[in-house]
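Student: The structure under discussion is supplied below as C-alpha cells; questions concerning it will follow.
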Amino acid sequence: MLELQSVHAGYDGIEVLSNVSLSVGDGDYVTLLGANNAGKSTLVNCISGLVRPTNGRIIYKGSDLVGVPPHEITSMGICQVPEGRQLFPSMTVLENLLMGGIAPNARSRRPERLEFVFELFPRLAERRKQQAGTLSGGEQQMAAIGRALIGGPTLLVLDEPSLGLSPLFVKAIFEALRGLHQGGLSILLVEQNLSVALRHAQRGYVLERGEIVLAGNNAKLRDDPHVRRAYLGL
Amino acid sequence: MMTEHNVMRVMGVAATIVAVGVAGWFLPDYYLGIAVKALIYIGLAVAWNLIGGFAGQLSLGHSVFIAIGALLPSALLLKEGVNFWAGMAIAAIVSALLGAVISWIAFRFRLGHLYFALITLAFAELGWFVIIGTEYLGGASGFFLASGPMNLARFEFATTQQYFVVAFMAVLAAIGLSAWIFHSKLGYYLRAIRNNEDAAQAIGINLLACKVVVMVISAALSSVIGSIYARFSGFVDPNLFASPLIIIEIVLFTAIGGIGTVWGPVVGAGLLVPLGEVLRGHLGNALPGLHLAIYGFLIVIVILVMPGGITRGVASIRKALQGLFTKSRSDVPA
Amino acid sequence: MDLSILPQTIAQGVLVGSTYGLIGLSMGLMYSVSGAISLAQGHMVSMSMYLVLSLYTGLQLDPYVSVAITLPVLALAGAALYWFLIRPLSGNAIMVFQASLGLMFLIENVLLMIYGGQFHQVPSIVSNRFITFGDAMIMKLPLLIGFGVTGALAGILFVTLEYTDYGRSMRAVHQNERSAALVGVNVQKVRLWVFAMSGAVIAIAGVLLVPSTPLHPAEGLKYTLVGLMPLVLAGMSNFFGILLSGVIIGLAEAIGTVYISGAIGLSLPYIIFILILIFRPHGLFKGH
C-alpha cells in the first residue's frame, strides 16, 4: 500500500535520510525503530508531506506522494499521530476530535466515527468538554489517536506514541491499536521503545543515522545481536 | 590580527570617506544640500540601528528623540538665550532619560519584537500631540533659527559647505560609535539577544540592562543629529521633526540597506535620500505624491527581493560569485 | 466640568470606539493565522473610504449602499496582501512589518495623486439624522448604525469561530499550524480566507466611518493607531477583547476631547493605553 523507494531528505544541505526504502502492505502492522536523531521524524514528515524528499519516490496506492501537500495526503487516507501529541491546546477534546475529520471527504462520516472513538477510549467521552491542554499525557495521546482515526485512515502513522507515558497508559493504547489492526487498519508505528514495539508489530525496520540497517519480522529483529546490544541492553 | 583582507578593507573605507568628502566639497549648492540631508539621515539611521538593528527591537518612538533634539535647543536659544551647544547637550540628556523610561516600560516584561514596535508607535503619536500642544516647544508652528555668519562657539554656520563638513564629521563619529558598539562586548550581547532571548538569558546576559543601555545611547545620538538637522533646516517644523513619519522613513532606509549591520543604514539612507530628492525634483511638481508612491513601491519590491537588505544581498551575491570562480580552491575562509 | 453631557460623551465614545475595534479586529484576524501584522491596515481603511467617495461622486451611491461594492473589493485587497506580501515573506513578522511601512507610503500617495490633498466629505441620507434618548442624549444615526453593525459582526464572528468547521480551522491554524495541516486543513487557503475577511472588516469599518469623518490621504496612520491600541490591549488575538478595547480607546478619545483641553485631551487615548500597559503588560484579558 505504501512504499518508500530510495528516499533522501535533509535540511539546508545536511542529509538526514539517505536511501531509505520500506513498505507497508495492506493490513500490515509495521514498526520503524531507531534512537533519537536517527531520522525517524523526518521520515514520518516525508510521508505526511511536511518535508519534501530531495530524492526518491513515495508510492501510495499507486500514486507518488512527493510534492502533494499535507492536507491532501490526509484525505487520501494516511493519518498521522504526531510526536508529542500536538493537540490544539485551547480547544476542547470534542473540538480536537472534530478537527480530525475536517477534510471534505471525512466530514459526512464524523458522527459515527466519533462514536467509535468514544467507545474505543471512554475516557475521552468523559472529558469531551475539557480543554485539551489540561489533559494528562496519556489522555492527550488517546485524543491524538482519536483525532487521527476520525479522518478515516487506511494507514495510521504513529510517531512515538509511548513517549513519556505511564506503563498503564502504554498498555491501554497498544491494546487499542491491536484492536484497530485486527479490524483491518494498516499501522506504521515509529518507536524507540523496542520492547513495546516488537511485542505488537509483525515486522520492522531499524533506522540508524538516516539509513535502514536492518529489516525483518519481529523474531528476527529481537534475536539480532546488534539490536539486542544497542537497543534492548541485553 | 590585521590580515591582508582587513588592510584592504580599512583602506577602501578610508578612500571612500576621502572621496565623499572631496566630492561633497565641489558639488553645486543644490546637490550639496541633498548630500547634507543624506548625511543627516544616515546619522539618524545609524542611531536607530543601534536599538532597532543590533538589538533587534524595532522602535518607532525615535521621532520623539529627534524632535527633542531639534526643538529643545531651539526653544532654549530663542527664549532663554542658552548657547546651542549647551542646548544640544541638554536635549541629548533629556532624550536619554526619556529613552530609559520608555525602554524600561516596554522591556520590563519580554513581550516580543512586534509588541515593542506597536508600543513605541503609540509613544511617537503621544509625543507628537504633546509637542504640538506645548507652546514652549514652538507648538504647531515651530521655530525659525536665523542664520548669521559662521560662529562655531554658537554652532552657527553660513554656507552649505560648512554644514556639509559638520554633518560629515557627525556621521563619521556616529558610524565610529556604531562600529565600536558592534564589535564590543555589548554588541555581542545584543546580537545574542536579537537571535535568541532565551539563550542569551541562559548564558547570563542581563537582557533588560543591555536593551535599556543601547536605547539610551541610541536616543541621545538621535537627539544630537536632530539638533544638527534643525540648525541646517533653519525652519524647525514640528510637522517634520515630531511626526511619526520621520521615524518610519528611517526604519525603511535601514531596512533597505540592511538592518543590524554597521553599513546597512549608511547604504540605505545614502541611496534613498538622494533618490527621493531626485524623484521629488523631477516628479514632485507634475503630480503630488507620485515620487513618494514610487518610493513606497520600490521599498516593498526591495524587501521582497532582498529580505535582508542591500548590504546582505550584495554580500550573498558576491559570495555566490566567489564560490563560482573558486570552486576548485579548498581555502577556508578567515 | 459639565456633567450633563457626560452620558452623551460616553455614548459617543462607545459608538466611535466600536469602529476602532473593527480596525483592530482586522489586524487581529491577520495576526491570528499568520503571526504577522501589516501597519498599512489604517491606510486600507482610507482606501475603502475613498472608494466610497468615488462611488458617491460617480454613481450617487449612498455609503451604506456602496458597501456592497467596497466589501468584495477590500476582501480581494486583503487576499492580495496575503498572496503577494505575507506569503512570499513566509510570514516573517519583522519583514512583513517593514514591507508594510513601504506599503503605507504607496497607498497614501496613490490616494493623494488621485484625490488630492484637500478634505472630502461624503454625505449619507442618514448623516444628519439624530435619535434622541430621553432628554439628555442625542445620538447621530450613523454612529448608532456603526455600533449595531459592529455588534452584529461580533455575533457572527462568535458563532463562526465556535460552531463551524471554518472557525475551528482558523483556531487550529492559530494554535498549531503543523497539526492543522496534518488533520487535513489547507493552511494556505485558511490564511487566504482570513485575510480576505480582514479586508472585508476594513471595508465595513470604512463605510461606518465615512458619514461622520472627513477624508484625507494622511489619515491612514491615525486609523492604524486606533486599531493597533485595542489589538495590543487585548493581547493580539482575543477578538472580543479587541472589540471591547476599541470601546475603551473610543471612550478615552471622547472624554479627552470633551473634558480636557489642549494636547493632553487629544492624547488621552495614548496616555490611557500606555498606563494600561504599565500595569497590565500582557493586556487586559490575561491573568498574570
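Student: What FRET efficiency would be calculated for the residue pair C:I156, C:T132, taking the C-beta separation as r and a Förster radius of 30 Å, to the nearest 0.05?
Tutor: E(calc), rounded to 0.05, equals 0.50.
Student: Work out the FRET efficiency for B:A23 and B:A158 from their Cβ-Cβ distance, taking R0 = 25 Å, and round it to the nearest 0.05.
Tutor: It comes to 0.75.
Student: Let me ask something else about it. Give the peptides B:38-51, A:56-69 in descending order of average Cβ contacts within 10 Å, highest first.
Tutor: So the peptides B:38-51, A:56-69, ranked by packing, come out B:38-51, A:56-69.
Student: How large a share of the accessible area of segment B:20-243, in percent, is made up of carbon and sulfur atoms when the probe is 1.4 Å and the other protein chains stay in place?
Tutor: Using a 1.4 Å probe with all protein chains present, segment B:20-243 comes out at 70 percent carbon and sulfur.
Student: Also, I was wondering about something else. Given only helices, namely DSSP H runs of n ≥ 4 each adding -39500 (n - 2.57), what is the per-residue ellipticity at 222 nm of chain B, to the nearest 500 deg cm²/dmol?
Tutor: The helix contribution divided over chain B gives -24000 deg cm²/dmol.
Student: On average, how much accessible surface per residue is there in the protein assembly as shown, in Å², for a 1.4 Å probe, leaving out ligands, DNA and RNA?
Tutor: For the protein assembly as shown, the per-residue accessible area is 41 Å².
Student: Still on this structure: When the solvent-accessible surface of protein heavy atoms is calculated with a 1.4 angstrom probe, in what order do C:H282, A:H71 fall, highest first?
Tutor: Largest accessible area first, the list is C:H282, A:H71.
Student: How do C:K189, B:K319, C:K222 rank by accessible surface area computed with a 1.4 Å probe, from largest to smallest?
Tutor: B:K319, C:K189, C:K222
Student: Mind checking Rg over Rh on segment A:60-143, alpha carbons, Kirkwood formula for Rh?
Tutor: Taking Rg over the Kirkwood Rh, I get 1.01.
Student: I would also like to ask the following. Search the structure for amide H atoms under 5 Å from the amide H of C:G235, placed 1.01 Å from N in the peptide plane, and list their residues when 5 or more places away or on another chain.
Tutor: Amide H neighbours of C:G235, under 5 Å, 5+ apart: C:L284.
Student: With every protein chain left in place and a probe of 1.4 Å, what is the accessible surface of A:D159, to the nearest 10 Å²?
Tutor: My reading of the accessible area for A:D159 is about 10 Å².
Student: Something else about it: Going by a 1.4 Å probe on protein heavy atoms, which residues of segment A:63-110 end up with at least 50 Å² less accessible surface in the whole assembly than in their chain alone?
Tutor: A:H71, A:F88, A:M91, A:E95, A:M99, A:I102
Student: Now, a different point. On alpha carbon coordinates alone, what is the Rg over Rh value for the protein assembly as shown, Rh being the Kirkwood radius?
Tutor: Result for the protein assembly as shown is an Rg/Rh of 1.03.
Student: Take the Cα pairs of chain C, get the Kirkwood Rh, then feed it into Stokes-Einstein at 20 °C and 1.002 mPa s and tell me D in µm²/s.
Tutor: Answer from the Stokes-Einstein relation: 110 µm²/s.
Student: Under 28 Å from the Cα of B:K185, which lysines turn up, not counting those fewer than eight places away in the same chain?
Tutor: Within the straight-line cut-off, B:K185 pairs with B:K211, B:K319.
Student: What list of ³J(HN,Hα) values in whole Hz, one per residue of segment C:139-147 in order, does the Karplus curve 6.51 cos²θ - 1.76 cosθ + 1.60 (θ = phi - 60°) give from phi, with Gly and Pro shown as x?
Tutor: Along segment C:139-147, the couplings run 10, 5, 4, x, 5, 5, 4, x, 5 Hz.
Student: Short version: which residues of segment B:117-140 lose at least 50 Å² of accessible area, all chains versus chain alone, 1.4 Å probe?
Tutor: Buried on complex formation: B:L118, B:L121, B:A122, B:E125, B:L126, B:F129.
Student: Let me ask another. Excluding ligands and nucleic acids, what accessible area in Å² is computed for B:F84 using a 1.4 Å probe, to the nearest 10?
Tutor: The value for B:F84 is about 0 Å².
Student: Please express the shape of chain A as an equivalent ellipsoid: the semi-axes are the square roots of 5 times the eigenvalues of the C-alpha gyration tensor, given largest first in whole angstrom.
Tutor: 28, 21, 16
Student: What is the antiparallel percent of DSSP beta bridges lying wholly in the protein assembly as shown, to the nearest 5?
Tutor: Looking only at bridges with both residues in the protein assembly as shown, the antiparallel portion is about 60 percent.
Student: Return the whole-Å distance between the Cα centroid of segment C:246-288 and the Cα centroid of segment A:92-167.
Tutor: 45
Student: Give me the percent of the accessible area of chain A that comes from carbon and sulfur atoms, probe 1.4 Å, all protein chains in place.
Tutor: 48
Student: Give the average, rounded to an integer, of partner chain Cβ atoms located within 10 angstrom of each Cβ in C:167-173.
Tutor: 3
Student: Can I ask one more? What order do you get for C:59-65, C:43-49 when each peptide is scored by the mean count of other beta carbon atoms within 10 Å, highest first?
Tutor: Ranking, from highest mean packing down: C:43-49, C:59-65.
Student: Using only alpha-carbon positions, what ratio does the radius of gyration of segment B:31-133 give when scaled by 2.2 N^0.38 Å?
Tutor: 1.18
Student: Now for a separate question. As a test of the definition: with a 1.4 Å probe, what buried accessible area, both sides summed, do you compute for B against C, in Å² to the nearest 100?
Tutor: For B against C, buried area totals roughly 3800 Å².
Student: How many partner chain Cβ atoms sit within 10 Å of a residue's Cβ in peptide B:97-106, on average, as a whole number?
Tutor: Mean partner shielding for this stretch: 1.
Student: Can you list, bin by bin at 10 Å, the percent of alpha carbon pairs in segment B:20-243, starting at 0?
Tutor: Values per bin, smallest distances first: 8, 33, 33, 19, 6, 0.
Student: Something else about it: Students sometimes get this wrong: rank C:M30, A:M76 by accessible area, probe 1.4 Å, all chains present, largest first.
Tutor: Sorted descending by solvent-accessible area, the residues read A:M76, C:M30.
Student: Give the accessible area for C:F133 in Å² (nearest 10); use a 1.4 Å probe, count only protein heavy atoms, and leave out ligands, DNA and RNA.
Tutor: Accessible surface of C:F133 is approximately 100 Å².
Student: Right, here's the next one. With contacts defined as alpha carbon pairs under 8 Å and 6 or more residues apart, what's the relative contact order of chain B in percent?
Tutor: 30
Student: Can you tell me the equivalent ellipsoid semi-axes for segment C:31-75? Use √(5λ) from the Cα gyration tensor, largest first, whole Å.
Tutor: Semi-axes from the Cα gyration tensor: 26, 11, 6 Å.
Student: Report the label-to-label distance for B:L275 and A:K220 in nanometres (one decimal), using points 7 Å from each Cα along the Cα→Cβ vector.
Tutor: Roughly 6.4 nm, to one decimal.
Student: Something else: Give the long-range amide H neighbours of A:L214: residues separated by 5 or more places, or on another chain, with amide H under 5 Å away, using H modelled in the peptide plane at 1.01 Å from N.
Tutor: Placed amide hydrogens put A:V206 under 5 Å from A:L214.
Student: Helix-only mean residue ellipticity at 222 nm, chain A, DSSP H runs n ≥ 4 weighted -39,500 (n - 2.57), per residue, nearest 500. What is it?
Tutor: My calculation for chain A gives -10500 deg cm²/dmol from helical runs alone.
The values are calculated or read from the model by the stated rules, or taken from the named source; none is laboratory data. None of these values were measured; they are calculated from a predicted model. When we count neighbours, we look across all protein chains shown, and the Cβ atoms used for this are built from the backbone with ideal geometry, even at glycine. Side chains are part of the model used for accessible areas, which takes the heavy atoms of the whole protein and leaves out ligands, DNA and RNA. Shrake-Rupley method; radii C 1.70, N 1.55, O 1.52, S 1.80 Å.
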